[in-house]
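Some notes on the structure that comes next.
The values are calculated or read from the model by the stated rules, or taken from the named source; none is laboratory data. Fair warning: this is a prediction, and the values are worked out from it, not measured in the lab. Positions of Cβ are backbone-derived with ideal geometry, glycine not excepted, and every protein chain shown enters the neighbour counts.
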Amino acid sequence: MTQTDKMLSRKEGGVGTLIFNNPERHNAVSLEMWEAASGFLADFAADKAIRVVVLTGAGGKAFVSGADISKFESERSSKEAIDRYNEAVDKANTAVFEFPKPTIAMIRGYCIGGGVGLALCCDLRICSDNSKFGVPAAKLGLGYGYNGIKKLVDVVGPSFAKEIFFTARQFTAAEALTMGLVNRVLPEAELEKYVKDYAETISGNAPMTVNSVKYIVGKTVKPDSERNLARCAELVAQCFASNDYKEGRKAFMEKRKPAFTGT
């Protein structure tokens, strides 16, 4: 695993947290940070005790503000360097997007460029009321590929996706909520507790049900040829055959909180 003090992770109960720790640059992400993020995510995926992952930024002023432009000369000045950087970004984003368990982006402050791209790879986006969102590609002359744009269109629809890219401006948390870019907006002081409670709520639910729904929803936005409907049906059948289904029924009858084991 790539070692860097600019990426941190922690585990509390069933919740894993991945922290982008470059606050002096509004959590702009370097090559080594993207590579370290992939390693931490692989660890969370393999840990059966972790049922939900929260992604956030350190310092209170930004979630992620995109690529670390100060590293462009060393990391993105030649075709080979650009390819390596893009590969690391794609690998980390794909690791989040295809993560088998629920993911929550906890956004406070700036969520810009690659930060929006990363947030879109998460299942849920919850932000503070002072957050700002933007994709400045059109101000930098950057090209933006199909996969990144499709993720945005899948969340906000074609018209808002065009507005975000055409204007390249920053949008407020309220505007982001109107577009459907975020699920919830909280006062800054309440954000952390709200996300913690939300993550613990999800963590307490039946993981086989939650993870199967994540997989099936993911297939609904794919072309017909990429939809594995047999696998969808198999996951549903596994839920009904599980110990957790028995436990859910028993707990309901006994009027108590179920204790799910994921089996």
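Table for the structure above
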| item | result |
| --- | --- |
| Count of residues meeting criterion [over 26 Å from residue 146 (Cα atoms) and surrounded by 11 or more Cβ atoms within 10 Å (Cβ to Cβ)] in the range 212-230 | 1 |
| Cβ pairs under 8 Å, 6+ apart, first in the range 77-96 and under 18 Å from residue 145 (Cα atoms), second in a helix (DSSP H, G or I) and of a type in the set (Phe, Trp, Tyr) | 85/34; 88/34; 89/34; 91/34; 92/34 |
| Those helices (runs of 4 or more DSSP H) lying entirely in the range 120-233 with at least 2 residues among the aromatic types (Phe, Trp, Tyr) | 158-167, 188-204 |
| Leading residue by the ranking (surrounded by the fewest Cβ atoms within 10 Å (Cβ to Cβ)) among those in the range 95-124 that are out of contact with any Leu (no Cβ under 7 Å at 6 or more places or on another chain) and of a type in the set (D, E, K, R) | 98 |
| Test: residue 241 is surrounded by 14 or more Cβ atoms within 10 Å (Cβ to Cβ) and either more than 24 Å from residue 12 (Cα to Cα) or of a type in the set (Val, Ile, Thr) (or both) | no |
| Selection from the range 159-185 of residues that are charged (D, E, K, R) and closer than 19 Å to residue 121 by Cα | 162, 184 |
| Given (1) at pLDDT 80 or above; (2) in a helix (DSSP H, G or I), index of the condition residue 82 fails | (1) |
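The rows are residues; the columns are (1) assigned by TED's automatic domain parsing to the domain that holds residue 140; (2) without any contact (Cβ under 8 Å) to a residue 24 or more places away in the chain.
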position	(1), (2)
159	yes, yes
165	yes, no
182	yes, no
187	yes, no
196	yes, no
220	no, yes
224	no, yes
228	no, yes
